[in-house]
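Participant: Dropping the structure in here first, questions after.
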Amino acid sequence: MSESAEVVTPPGGPAPAEEAPLPEDVLDRDEVGDDVAPGDGGLPSVEDILSDLERVTAERDGYLAERDEYLLLAQSKQAELENLRKRVAKQQADEVTRRTASVVRNLLPVLDAFDYGVGHGDESLRPLQGQLLNILSSEGLERIADADTDFDPEQHEAVAHEPGEDGRQVVAEVMRPGYRWQGHLVRPAMVRVRG
């Protein structure tokens, strides 16, 4: 019967093999090469390290400059997009205002008919006129129909003129009211001017 030696493995796996020290003759200058001095262990020179550091620094600076360029481009495109959004929103709002002003402009003859009827003594039209004006006023309609105010060629259309005492031009009579829709003149008031 042969006795076999039992191999015991420590917990955690086999123990690492210890490296045997290299003999001195392996580190001889002739075997290592002419570019490494004896005892320097093959380390690069200070000049090589500085040269590599300058090269890496230049590459880093190039990457940083490229990053900054892309960042500026992205910020520029973001600003352009935001300006486009604002411009489109403004154009849409202007289009809505223009279209509603067109509807209001088409209602002006109805308002004129109410004014004509009430002006000729038909008081039964006054509640309907008031209701229509209140609805349109709540949406942004302004009536230009004040007499004894300064004449403003931006909102008044002078169709008659009479002399005045102080030389100041004043609205003497409103012959047909004017209207503004959400701040924009839809129709100037037709007036007689004194002065």
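The values are calculated or read from the model by the stated rules, or taken from the named source; none is laboratory data. Note that the coordinates shown come from a computational prediction; the quantities given were computed from them, not determined experimentally. Quick reminder, even Gly has a Cβ in these numbers, built from the backbone with ideal geometry, and neighbours come from all protein chains shown.
Here is a yes/no grid of residues against (1) in a helix (DSSP H, G or I); (2) closer than 21 Å to residue 186 by Cβ; (3) not charged (D, E, K, R):
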| position | (1), (2), (3) |
| --- | --- |
| 88 | yes, no, yes |
| 92 | yes, yes, yes |
| 97 | yes, yes, yes |
| 102 | yes, yes, yes |
| 106 | yes, yes, yes |
| 109 | yes, yes, yes |
| 121 | no, no, yes |
| 124 | yes, no, yes |
| 134 | yes, yes, yes |
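Participant: So which pairs qualify, if the first residue must be in the stretch 97-117 and surrounded by 12 or more Cβ atoms within 10 Å (Cβ to Cβ) and charged (D, E, K, R), the second must be at pLDDT below 95 and part of a helix (DSSP H, G or I), the Cβ gap must be under 8 Å, and the two must be at least 6 apart or on different chains?
Facilitator: Going by the 8 Å Cβ cut-off, the qualifying pairs are 115/129.
Participant: Going by the conditions given, is residue 185 of a type outside the set (Gly, Ala, Ser), surrounded by fewer than 16 Cβ atoms within 10 Å (Cβ to Cβ) and touching a strand residue (DSSP E or B) at 6+ places or on another chain (Cβ under 9 Å)?
Facilitator: For residue 185, the condition - of a type outside the set (Gly, Ala, Ser), surrounded by fewer than 16 Cβ atoms within 10 Å (Cβ to Cβ) and touching a strand residue (DSSP E or B) at 6+ places or on another chain (Cβ under 9 Å) - is met.
Participant: Which ones in the stretch 142-170 are closer than 16 Å to residue 184 by Cβ and polar (S, T, N, Q)?
Facilitator: Within the stretch 142-170, 155 is the sole residue that qualifies.
Participant: Restricting to the stretch 142-168, give me the number of residues that are in a strand (DSSP E or B), more than 10 Å from residue 193 (Cα to Cα) and among the charged types (D, E, K, R).
Facilitator: The total comes to 2.
Participant: Regarding the stretch 85-99, can at least one residue be identified that is within 29 Å of residue 194 (Cα to Cα) and of a type outside the set (Phe, Trp, Tyr)?
Facilitator: no
Participant: Mind listing whichever residues of the stretch 18-76 are modelled with pLDDT under 90, charged (D, E, K, R) and loosely packed, with under 10 Cβ neighbours inside 10 Å?
Facilitator: 18, 19, 24, 25, 30, 31, 34, 35 - these are the residues of the stretch 18-76 that are modelled with pLDDT under 90, charged (D, E, K, R) and loosely packed, with under 10 Cβ neighbours inside 10 Å.
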